[in-house]
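Okay, structure first, notes after.
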Amino acid sequence: MKRLASNLLVTLLALTLSLGAMACSSELDPTDPGDAYTIFRDALFAGQPDVVWERFDPQTRAYFQERYDRLVQMNQLIESYLPQTDHRLARSQSGVELLATVGNGRELFEHVFAMARMPDDNAIVFGSGVSEIRVSEDGTTALVVTRGQQEFVMVQTEDEQWQIDLVGSGDFLDTSFGWLTRNEEALSKTVEDLIAEERQKREAIIADLMNLKLD
């Protein structure tokens, strides 16, 4: 799953910052949208999945849980319709084997995060900085625009802290989990073909029995 990890990392932010350029986290205020984004960015580079998860909004967390649930559903299809001898290979090729090490959406995120490798590029470092912050009229949402012209949607919680809405920020996550949709479709097609094949066999048996009775 190395490709998944690298894809998620690149499409998740496509940015990083050097240790020397990182602000002290104690100086950053999560009730400020720019600071909240920077806390998230710093944690991403520092390899702190707990902090990154904390800065995700509920919709983003639900996204990972929904992907986990789809893996569970795929595993159920494998167990229900594929021959026992094919289960191991099907789980490996479809990505369902992840269920052996992750038990929910958060653990799926942490698994991918742990495998990711941060790029170290000065141009990316510079482009990751906040260029502009646009706060909505009601003050509950904001848009953080980086120097690299990437846009990240921020939402305010009840305690006035700001969180990252990656689902609403573009196709970062969908691009990263494109493998899941493709494998899900392939597995569904395989199951449909198996069901159709079994139905044809049953129909042929019934036809033979009917012919015997007529004779």
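The values are calculated or read from the model by the stated rules, or taken from the named source; none is laboratory data. These numbers come from a predicted model, not from an experiment. All Cβ positions, even for glycine, are placed from backbone atoms using ideal geometry, and neighbour counts span all protein chains on display. With ligands, DNA and RNA removed, areas are computed over all heavy atoms of the protein, side chains included. Shrake-Rupley method; radii C 1.70, N 1.55, O 1.52, S 1.80 Å.
Which of the helices (runs of 4 or more DSSP H) found entirely inside the stretch 42-121 contain at least 1 residues meeting this: of a type in the set (A, V, I, L, M) and over 30 Å from Val155 (Cβ atoms)?
58-81, 87-94
Condition test on Ala114, is it open to solvent by 20 Å² or more (accessible area, probe 1.4 Å) and under 17 Å from Asp42 (Cα atoms)?
yes
Across the stretch 24-53, what is the total count of residues that are in contact with a helix residue (DSSP H, G or I) (Cβ under 7 Å, 6 or more places away or on another chain) and open to solvent by less than 50 Å² (accessible area, probe 1.4 Å)?
12
Return yes when Asp69 is open to solvent by 30 Å² or more (accessible area, probe 1.4 Å), acidic (Asp, Glu) and either within 30 Å of Glu160 (Cβ to Cβ) or modelled with pLDDT of 90 or more (or both) and no when it is not.
So Asp69 fits the description; yes.
Being at pLDDT 70 or above and either in contact with a helix residue (DSSP H, G or I) (Cβ under 7 Å, 6 or more places away or on another chain) or polar (S, T, N, Q) (or both): is that true of Val191 here?
yes
Please tell me if Leu143 is modelled with pLDDT of 95 or more and of a type in the set (A, V, I, L, M, F, W, C).
So Leu143 passes the test.
Would you tally the residues in the stretch 133-155 being farther than 12 Å from Tyr37 by Cα and either part of a loop (DSSP other than H, G, I, E, B) or not aliphatic (A, V, I, L, M) (or both)?
Going through the stretch 133-155 one residue at a time, the tally reaches 11.
Return the residues of the stretch 176-191 that are surrounded by 14 or more Cβ atoms within 10 Å (Cβ to Cβ) and of a type outside the set (Gly, Ala, Ser); say none if nothing qualifies.
Within the stretch 176-191, Phe177, Trp179, Leu180, Asn183, Glu184, Leu187, Thr190, Val191 meet the criteria.
Just one of Val96, Val51 is under 29 Å from Ser169 (Cα atoms), without any contact (Cβ under 8 Å) to a residue 60 or more places away in the chain and in contact with a Phe, Trp or Tyr (Cβ under 8 Å, 6 or more places away or on another chain); which is it?
Unique residue meeting the criteria: Val51.
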